[in-house]
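In what follows, a single structure is set out as structure tokens and then discussed.
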Number of protein chains: 2
Amino acid sequence: MPGIGTFEITYEDPHSKARLGRLWTAHGPVDTPVFMPVGTQATVKSMAPWELEAEDCQILLGNTYHLNVRPGMDVIEHFGGLHRFQDWKSAILTDSGGYQVFSLTKLRQMTSEGVWFQSHVDGTRMFMGPKESMGIQRILGSDIAMVFDECPPCPCTPEYACQAVERTLSWAAVCAEQPRAQGQLVFGIVQGGVYPQLRERCAKELLALGAFDGYAIGGVSVGEPEELIMPGVHMTVDILPRERPRYLMGVGQWWQMSESVAAGVDMFDCVMPTRLARHGTVFTRNGKYSVRAAGNRLDERPLEEGCSCMACRRFSRGYIRHLLNVSEILGVRLTALHNMHAYFDFISRMRASIREDRFGEFRAETARVYGPAPAE
Amino acid sequence: MPGIGTFEITYEDPHSKARLGRLWTAHGPVDTPVFMPVGTQATVKSMAPWELEAEDCQILLGNTYHLNVRPGMDVIEHFGGLHRFQDWKSAILTDSGGYQVFSLTKLRQMTSEGVWFQSHVDGTRMFMGPKESMGIQRILGSDIAMVFDECPPCPCTPEYACQAVERTLSWAAVCAEQPRAQGQLVFGIVQGGVYPQLRERCAKELLALGAFDGYAIGGVSVGEPEELIMPGVHMTVDILPRERPRYLMGVGQWWQMSESVAAGVDMFDCVMPTRLARHGTVFTRNGKYSVRAAGNRLDERPLEEGCSCMACRRFSRGYIRHLLNVSEILGVRLTALHNMHAYFDFISRMRASIREDRFGEFRAETARVYGPAPAE
């Protein structure tokens with residue numbers, strides 16, 4: 001078995017920058033491109049681990065900020081880390097908490113060491129900076145820790161974006177020096193908003209630290225106009241080293257994922273499959289739809305014809321619509337089971353298309369079905 | 001295979017009136033004593049059918065009133081009945097809707113044909129009587145339909161209880177004459193509140209109709225003092241024919257079930273395992289407890305030591321407490337999985353104790369662990 005942190009590129013698409021790879025973690029291999037389901041509070045919402053295992057899910061994302069608030073690090077430490085706490089045997093990536101500190105909390109005060117803020121749950125005054133974040137991620141024992149960064153919302157001024165990059169870089173240097181859990185990898189994060197020079201500077205200085213096992217593209221899909229998203233991804237990926245995994249944070253629309261893979265991205269996470277499931281939105285190969293719509297009342301078809309997930313094997317749209325309509329938990333369970341299966345199926349079909357030199361077709365089809373509406 | 005409606009008594013306890021039996025329905029056998037999980041809105045709350053199948057669950061209860069409101073009978077009829085709608089392959093018993101009409105709704109008006117009331121969901125004016133209830137249960141296609149009865153709350157005057165029995169009897173006669181789904185059995189219901197003469201009269205007149213495949217004891221555990229519950233059960237069972245199944249409606253406390261089995265009851269239903277699961281209350285062989293209690297924060301033990309349910313095989317009390325604490329659906333799923341397993345385990349141990357002539361010990365142990373607190 002290759003050493004922890006090894007990233008094998010097993011195939012490169014001759015027609016795009018897409019590649020197939022395998023990242024070795026302390027909890028086994030992660031085949032890329034990969035979609036990481038989000039388990040914010042030590043569970044993927046509404047799902048049991050055996051339901052993710054059935055999808056051959058190799059890696060989950062956990063949220064440092066939320067887990068630090070509840071259950072708290074004394075609990076996680078007592079249980080010997082997040083894997084044991086939630087009984088997840090494959091890999092876990094934890095974010096740094098930076099995004100939540102800057103988006104969820106109130107009354108923030110910045111210092112060069114980090115951020116004072118009030119907990120979103122009970123208003124408790126708390127502090128988090130690079131040392132605290134890495135300390136928490138060490139206790140969580142994730143396989144991949146992320147550096148503590150500042151992710152400014154869009155729009156923001158070039159001056160503010162520049163300050164955020166400077167803070168992100170100085171914090172990244174601190175993160176690189178913190179003690180880690182055994183076998184824990186650490187990824188750097190490129191910020192810089194919609195400003196190419198800032199992103200370039202951030203990427204180069206992160207690389208110069210020579211300390212990271214992979215690189216993430218942060219601050220994408222945080223409110224900027226849609227037409228700026230893909231150019232930002234392309235530009236950032238191009239500065240990152242070929243031989244390390246690249247992770248586009250928080251992006252999970254299907255066409256954005258296939259276009260980003262074409263740009264050379266390897267890893268994704270997103271709350272969409274479970275969040276939209278709670279609203280009754282269903283992903284299929286032919287697009288999304290709402291199973292709550294009145295038109296599905298008598299529909300005997302499964303959520304997606306030909307789908308092999310547990311929801312589609314046994315239940316009709318009419319039944320699942322009824323369950324959601326009367327707020328039965330099983331309704332959300334079934335749409336989440338299906339959506340998660342659809343996401344894994346999407347990634348698996350994307351990988352196959354790369355391997356079989358059909359990725360161009362796959363991208364075109366994904367853009368046709370899931371792409372943004374053409375500008376008028 | 002014996003004919004539908006056959007009730008085989010396979011063993012009788014020489015020391016009590018307990019018996020082991022098997023009731024044959026259009027969807028297979030039901031071994032008694034049996035606990036029927038409640039699937040009010042076409043699902044047992046938070047559970048998937050495969051999780052009940054794993055417990056060898058042979059029969060569910062469905063609620064006529066709720067299913068008639070949502071999804072509505074046009075939907076159920078379109079899907080070919082409740083079994084197909086919710087993909088449940090074993091037996092289903094439906095209640096008559098009487099209990100809900102009298103307990104959930106407002107602005108009721110009684111006529112000799114039934115009750116006008118307002119839907120608890122949107123206030124729609126609706127009517128239900130014996131003909132309507134049996135018509136709905138025919139569309140639901142349940143294996144066992146219950147007659148439409150009036151279940152008065154306790155306390156109620158002897159005059160009101162008497163009127164309710166008279167209505168229940170006249171409605172039972174109407175129910176007996178209604179068309180049924182193929183292979184559908186119909187059970188009569190003995191009412192009479194806390195008045196022995198009324199219960200006796202009700203039972204005798206129901207029997208005189210000669211129309212029913214089984215008999216239920218209604219109006220128990222509806223607010224009467226605890227010490228009146230078991231005498232009422234004993235007295236009613238003693239009037240009912242030995243050769244037909246006896247169903248004690250809505251009773252699901254463990255000591256009440258074991259004492260009622262000793263009195264000759266065969267069937268039970270109750271929302272307790274799933275309802276208490278939502279509040280974090282866990283059933284074990286050694287009693288109930290709340291997994292939400294702060295003392296479980298660092299507890300590495302499963303919900304119940306030695307338990308083989310999916311929750312206990314993988315998760316700690318500390319983890320499940322955290323999930324409930326942060327309102328994650330998985331928390332409720334796990335406590336419901338465990339409680340349902342505990343109920344099936346309880347019934348299975350009770351059956352074994354009868355078969356092995358240890359039922360006296362089993363009753364004593366159940367009363368010791370789960371019985372009412374002794375009077376002071």
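The values are calculated or read from the model by the stated rules, or taken from the named source; none is laboratory data. Everything numeric in this text was worked out from a predicted model, so none of it was measured. Here Cβ is always computed from backbone atoms with ideal geometry, including for glycine, and neighbour counts include all displayed protein chains.
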| remark: For segment B:35-52, pairs from a residue that is over 14 Å from residue B:252 (Cβ atoms) to a residue that is in a strand (DSSP E or B), with Cβ under 6 Å and 6 or more apart or across chains, are B:39/B:60; B:39/B:62
| Search result, residues across segment A:89-127 that are more than 20 Å from residue A:42 (Cα to Cα), of a type in the set (A, V, I, L, M, F, W, C) and touching a helix residue (DSSP H, G or I) at 6+ places or on another chain (Cβ under 7 Å) | A:115, A:117
| said: I need a count of the residues in segment B:318-329 that are facing another protein chain (nearest Cβ under 8 Å), surrounded by fewer than 23 Cβ atoms within 10 Å (Cβ to Cβ) and assigned to a helix (DSSP H, G or I). | reply: 3
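On the given criteria, is residue A:315 more than 14 Å from every other protein chain (Cβ to nearest Cβ) and aromatic (Phe, Trp, Tyr)? Step through it out loud before you land on a result.
Values: more than 14 Å from every other protein chain (Cβ to nearest Cβ): no; aromatic (Phe, Trp, Tyr): yes.
Answer is no for this residue.
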| query | Scanning for something surrounded by fewer than 19 Cβ atoms within 10 Å (Cβ to Cβ) and aromatic (Phe, Trp, Tyr), does segment A:45-56 turn up at least one residue? | reply | yes
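Considering each residue of segment B:152-161, count those that are surrounded by fewer than 18 Cβ atoms within 10 Å (Cβ to Cβ) and not polar (S, T, N, Q), and give that number. Reasoning before the result, please.
Filtering segment B:152-161 down to residues surrounded by fewer than 18 Cβ atoms within 10 Å (Cβ to Cβ) leaves B:153-155, B:157-160.
Now drop any that are not not polar (S, T, N, Q), which leaves B:153-155, B:158-160.
Adding up the residues that qualify gives 6.
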| request: Take segment A:38-77 and flag every residue that is more than 10 Å from chain B (Cβ to nearest Cβ), under 30 Å from residue A:125 (Cβ atoms) and of a type in the set (S, T, N, Q). | output: A:63, A:64, A:68
| field | Residues satisfying the stated conditions in segment A:173-193, i.e. surrounded by fewer than 20 Cβ atoms within 10 Å (Cβ to Cβ) and in contact with a helix residue (DSSP H, G or I) (Cβ under 7 Å, 6 or more places away or on another chain) | value | A:173, A:174, A:176, A:178, A:179, A:180, A:181
| Of these, A:291, A:369, A:265, A:261, which one is under 25 Å from residue B:88 (Cβ atoms) and in contact (Cβ under 8 Å) with a residue 40 or more places away in the chain? | A:291
| task | Hey, can you tell me all the residues within segment B:128-155 that are over 18 Å from the mean Cα position of the chain (by Cα) and either modelled with pLDDT under 95 or not assigned by TED's automatic domain parsing to the domain that holds residue B:114 (or both)? | result | B:154, B:155
| query | Cβ-Cβ below 7 Å, separation at least six or inter-chain, first residue in segment B:106-120 and within 19 Å of residue B:175 (Cβ to Cβ), second hydroxyl-bearing (Ser, Thr, Tyr) and part of a loop (DSSP other than H, G, I, E, B): which pairs? | reply | B:117/B:105
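State which residue is nearest to the other protein chains (Cβ to nearest Cβ) when the search covers only segment B:277-312 and only residues that are β-branched (Val, Ile, Thr) and within 26 Å of residue A:74 (Cβ to Cβ). Lay out the reasoning, then the answer.
Our first condition is that a residue be β-branched (Val, Ile, Thr); within segment B:277-312, this holds for B:281-282, B:284, B:291.
Filter once more, so that each one left must be within 26 Å of residue A:74 (Cβ to Cβ): B:281-282, B:291.
Working: B:281: 17, B:282: 17, B:291: 13 Å.
Once the filter is applied, the top-ranked residue is B:291.
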| query | Could we say that residue A:363 is crowded, with 17+ Cβ neighbours inside 10 Å and modelled with pLDDT of 95 or more here? | reply | yes
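In this structure, is residue A:105 touching a Leu at 6+ places or on another chain (Cβ under 9 Å), on the phi < 0 side of the Ramachandran plot and away from chain B (no Cβ under 12 Å)? Lay out the reasoning, then the answer.
Details: touching a Leu at 6+ places or on another chain (Cβ under 9 Å): no; on the phi < 0 side of the Ramachandran plot: yes; away from chain B (no Cβ under 12 Å): yes.
So residue A:105 does not fit the description; no.
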| request: Among residues belonging to segment B:80-97 that are buried (at least 22 other Cβ atoms within 10 Å of the Cβ) and over 24 Å from residue B:175 (Cα atoms), point out the one that is farthest from the other protein chains (Cβ to nearest Cβ). | output: B:88
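One line per residue, one yes/no per condition, for (1) more than 30 Å from residue B:8 (Cβ to Cβ); (2) modelled with pLDDT under 95; (3) within 13 Å of the chain's Cα centre (by Cα):
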{"site": "B:51", "(1), (2), (3)": "no, no, no"}
{"site": "B:67", "(1), (2), (3)": "yes, no, no"}
{"site": "B:71", "(1), (2), (3)": "yes, no, no"}
{"site": "B:100", "(1), (2), (3)": "yes, yes, no"}
